[in-house]
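Everything on this sheet refers to the single structure shown next.
Just so you know, all these numbers are worked out from the coordinates, no wet-lab data involved. In this text, all values refer to a predicted model and were calculated from it rather than measured experimentally. All Cβ positions, even for glycine, are placed from backbone atoms using ideal geometry, and neighbour counts span all protein chains on display.
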Amino acid sequence: MSPLPSQPPLPHAARHLLCLGNALHGDDGLGPALAQALLAAPQLLPADVRVFELGTRGLDGLALFEGCRQVLLIDACEPRGQPGRIWQGSAADLLSQWQVLFGSAPTEHGGGLGFLLRAAASLEAGPEVEVILLEAQQLRAFSPGLSAAVRAALPALIARIQAALEPAHVL
């Protein structure tokens, strides 16, 4: 998988921001919408950060765990009554709280992310991995577009991503 064409090659020390989701399923389109917004405003992220829109291709993203020192995964999680709420933690934290955050088994909504995290855990010398989720208001099949609550939460999500990418935060 190659980076989107607007980004030049970077050295091994790069950090990867992987945005997951299905743009045709309401707030599940968070990842693609976020990737497009960040690519349109590259000044929002440090110069060594590469943005990738994975869509629903979870395991295809495993190759993006190579050649970098940090991976930050972004996705929407199940509606739980507080749309726009942000959850942040390690891959292990996410896998231990999967049922609460997604309301399903790792093979259902968010399954691509679950499979990707489990596969990444098997890498011998993988990068630091962190996950940021934003609670959806609605996940409706064939209903493109983000809800007003999720759109309103995008600035806070971008601020959380920026904080996670601060030099002092990185191992």
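Can you list residues whose amide H is under 5 Å from G55's amide H, if they're 5+ apart or on another chain and H is modeled 1.01 Å from N?
Amide H to amide H, under 5 Å and 5 or more residues apart or across chains, G55 pairs with G21.
In the stretch 15-164, what is the volume of the convex hull around the alpha carbon atoms, normalised per residue and reported in Å³?
Per-residue hull volume (Cα only) is 95 Å³.
Search the structure for amide H atoms under 5 Å from the amide H of V71, placed 1.01 Å from N in the peptide plane, and list their residues when 5 or more places away or on another chain.
It is H16, E128, V129, E130, by chain and number.
Using a 10 Å cut-off on Cβ atoms, rank the peptides 138-146, 87-95 from the highest mean neighbour count down.
Those peptides, ordered most packed to least, come out 87-95, 138-146.
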